[in-house]
Amino acid sequence: MNTDELIASSKEYIMNTYNRIPVVLVKGEGTKVWDSDGKMYLDFVAGIAVCNLGHSHPRVVEAICKQAAMLTHVSNLYHIQPQIEYARLLVQNAFPGQVFFCNSGAEANEGAIKLARKYSCEKHGPGRYEIISMENSFHGRTMATITATGQKKFQVGFEPLLDGFRYAPFNDVAALEKAITEKTCAILLEPIQGEGGIKIPDPDYLAQVRKLCNERGLLMILDEVQVGMGRTGTLFAYQDSGIEPDIMTLAKAIGNGYPIGAMLAKKEVASVFVPGNHAATFGGNPLGMAAALATLKTMLDERVVEHCAGMGRYFMAALEHLKQKHAVIREVRGKGLIVGIELTVEGAGIVSRCRELGALINCTAGNVLRFVPPLTVTAEEIDQVVGILDAALGEVK
Ligand code: PLP
């Protein structure tokens, strides 16, 4: 099939849940991807913050191939060596606790919501089950996670939503405190709101939320699905705030493209889950865990997180320079390599033009260009994309 035929078949046979860009991607290496017509792009989407080591990283490819040939899947009815090794490495690099493995970010958040409710029920008795999440947040597409997501557009048509969720404005501790009731058991938030438009809170915000949770006996759940695994210039985004959450959810970049979700909880909290409470057939299977182990070991061995922090500073400085040139840029914001440009116009046209010029970028919240390249991106690749962006922005009428 040629490209047009593939796209026509896609429209015929695949549900219309994405506004797909009319290219078929067939190959990737590092920051580069190629389409079915052989055109190369610099990929500053990276599967939406997934391929943090770049496409087809040789260590991850090798680990997947080796494991596939040895043991692909059994079941969590048995102990699985790469799962044990990965859980230990994850805990050693985050905070003391225990891990539950699943397949996606939404599933990790579902697990966190269930765990928080069960913990509260056991500790305080029934009726204290409410979770406060943030306005403008994003936590996934299942019924519980669209309820937790504080944006109406993801909920309309799917009502009734779940009972037991309340919302508070992001980055406003006083308002958060006001939203707490005698039924509240946990606060769920992203350290940086990704889908919501790269919204970065005040530097002491997480510490203040932690303090509030301690004072009121609430669990603090951090959704690091998008910002975890090195993206912000620390391995986990909370790690430069001086606090630890009680529960952290992860997904996207864990397997560098192999679908994996994880929920890490402090031991006291994790211990309320007993056999029969929660499960996932594929969660933490040998193939996925081999990918995850290779990904995290590579990140640590090759000091990828430090590289990300440096490239993030370099990228932000170049974009600040573009802001001086283009009135259409309202604000540049970012941390590490999760970077947004808020425009005074819709972003879709710029995304298309950048693609024509050889760069894949993405737009979120309507007018925020989002850049989440592989953390291994080079300064030269950043220069090229900034050049393309400069040209595309220069054409805005
Ligand atoms: N949480 C956050 C912060 C996300 O950014 C996303 C996806 O973009 C999710 C949860 C949902 O993850 P998934 O699409 O893997 O279910």
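The values are calculated or read from the model by the stated rules, or taken from the named source; none is laboratory data. This is a predicted model, so every value here is computed, not measured. For neighbour counting, all protein chains shown are included, and Cβ atoms are generated from backbone atoms with ideal geometry for every residue, glycine included. Each accessible area value is taken on the protein alone, full model and side chains, heavy atoms only, with ligands, DNA and RNA left out. Shrake-Rupley method; radii C 1.70, N 1.55, O 1.52, S 1.80 Å.
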(message) Based on this model, can you work out whether Gly217 counts as open to solvent by 50 Å² or more (accessible area, probe 1.4 Å), under 24 Å from Ile131 (Cβ atoms), more than 16 Å from the ligand (Cβ to nearest atom) and not hydrophobic (A, V, I, L, M, F, W, C)?
(response) no
(request) Provide a single number: the residues in the stretch 29-56 that are in contact (Cβ under 8 Å) with a residue 24 or more places away in the chain and touching a Gly at 6+ places or on another chain (Cβ under 8 Å). (result) 17
(message) Given the criteria of a type in the set (Gly, Ala, Ser) and out of contact with any Ser or Thr (no Cβ under 6 Å at 6 or more places or on another chain), does Gly261 qualify?
(response) no
(message) Given (1) open to solvent by 60 Å² or more (accessible area, probe 1.4 Å); (2) in contact (Cβ under 8 Å) with a residue 12 or more places away in the chain; (3) closer than 28 Å to Ile221 by Cβ, identify the lone condition not met by Ile84.
(response) (2)
(message) Leu77 - would you say it is without any contact (Cβ under 8 Å) to a residue 40 or more places away in the chain and touching an Asp or Glu at 6+ places or on another chain (Cβ under 8 Å)?
(response) no
(request) For residues that are assigned to a helix (DSSP H, G or I) and open to solvent by less than 20 Å² (accessible area, probe 1.4 Å), scanning just the stretch 124-162, find the one that is farthest from Glu195 (Cα to Cα). (result) Ala144
(request) Scan the stretch 98-123 for residues that are more than 16 Å from the ligand (Cβ to nearest atom) and surrounded by fewer than 22 Cβ atoms within 10 Å (Cβ to Cβ) and report the count. (result) 7
(message) Just the residues that are crowded, with 24+ Cβ neighbours inside 10 Å and in contact with a Ser or Thr (Cβ under 6 Å, 6 or more places away or on another chain), please, taken from the stretch 226-254.
(response) Ala251
(request) Identify the residue in the stretch 168-178 that is surrounded by 17 or more Cβ atoms within 10 Å (Cβ to Cβ) and in contact with a strand residue (DSSP E or B) (Cβ under 6 Å, 6 or more places away or on another chain) and, among all such residues, is farthest from Cys363 (Cα to Cα). (result) Leu176
(request) Test Met299 against the criterion of being open to solvent by 20 Å² or more (accessible area, probe 1.4 Å) and of a type in the set (A, V, I, L, M), and give yes or no. (result) no
(request) Examine the stretch 83-105 for a residue that is touching a His at 6+ places or on another chain (Cβ under 7 Å), of a type in the set (A, V, I, L, M, F, W, C) and at negative phi, and state whether such a residue exists. (result) yes
